[in-house]
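Input: a single structure, listed below in structure tokens.
Taken together, the values in this text are just the output of simple stated rules run on the coordinates, not laboratory data. Please read these numbers as outputs of a predicted model, since none were measured by experiment. Please note: Cβ atoms are built from the backbone with ideal geometry, for glycine as well, and neighbour counts cover all protein chains shown.
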Amino acid sequence: MHAALDRGAGNARVNYALPASRSLPRRVVLTGATSGIGAATAAALMNCGVEALGLLGRNESALRTAPCTHFAVADLYDHGATQRAISTLGTAMGGIDVLISNAGQMTAGLSAEGCSLQDWEAEIKVNLHAPFVLLQAALPFLKRSAAAGRGPAVVFVSSICSSVAFENLLP
């Protein structure tokens, strides 16, 4: 993909165009799509003409207005609900060719000294456990996509905090 960045009105917007030699994945599931990078990714995929885009998130009102063909409401803290949501989306879209795990949690001002075990576990549950749960739930759909020759893919989006330390910000 070729990208052009437009920073109008203080917000970054990315416009994508696929090279003629690349085909667009037909059915994509995206988490974390109601703001930031996820919202830009959802808009870009819909603008490029993806056949089906399923969004998974916890904010139903934001999902209702987001660019997509399908959505499922689930909180990534709840692994059972996350698995059911992936199954619902995969079935509704006739399969999943691409899983983009973009949702994450970052609590600003949370230092090791001031962090409770409950806060730490919440960060780990969303940032580490949820992508694994998403992958496991999507695997049956991705395997069928591979068997059909669609070239499935999985994308895990991470934050700069995975490689750079910031004061008062736990990874």
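Please give me the summed charge of the neighbours of Ala103: other residues whose Cβ is under 14 Å from its Cβ, Lys and Arg +1, Asp and Glu -1. Charge balance in the 14 Å sphere: -1.
Which order do the peptides 36-45, 64-73, 112-121 come out in when sorted by mean C-beta neighbours inside 10 angstrom, highest first?
So the peptides 36-45, 64-73, 112-121, ranked by packing, come out 36-45, 64-73, 112-121.
Among residues other than Leu56 whose Cβ falls under 11 Å from its Cβ, what is the net charge (Lys/Arg +1, Asp/Glu -1)? Walk me through the numbers on the way to the answer.
Numbers: positive: Arg58, Arg84; negative: Asp75.
Combined, the nearby Lys, Arg, Asp and Glu give +1.
Length available on full extension from Ser35 to Ser116: 0.36 nm per residue minus the Cα-Cα distance, which gives 26.4 nm. The residues packed around Glu121, meaning those with a beta-carbon under 15 Å from its beta-carbon, carry a net charge of -3 if Lys and Arg are +1 and Asp and Glu are -1.
Each of Ala153 and Glu60 was given a label point 7 Å from its Cα along the Cα-to-Cβ line. The distance between the two points is 3.3 nm.
For the peptides 46-57, 137-148, the ranking by mean Cβ contacts within 10 Å, running from highest to lowest, is 46-57, 137-148.
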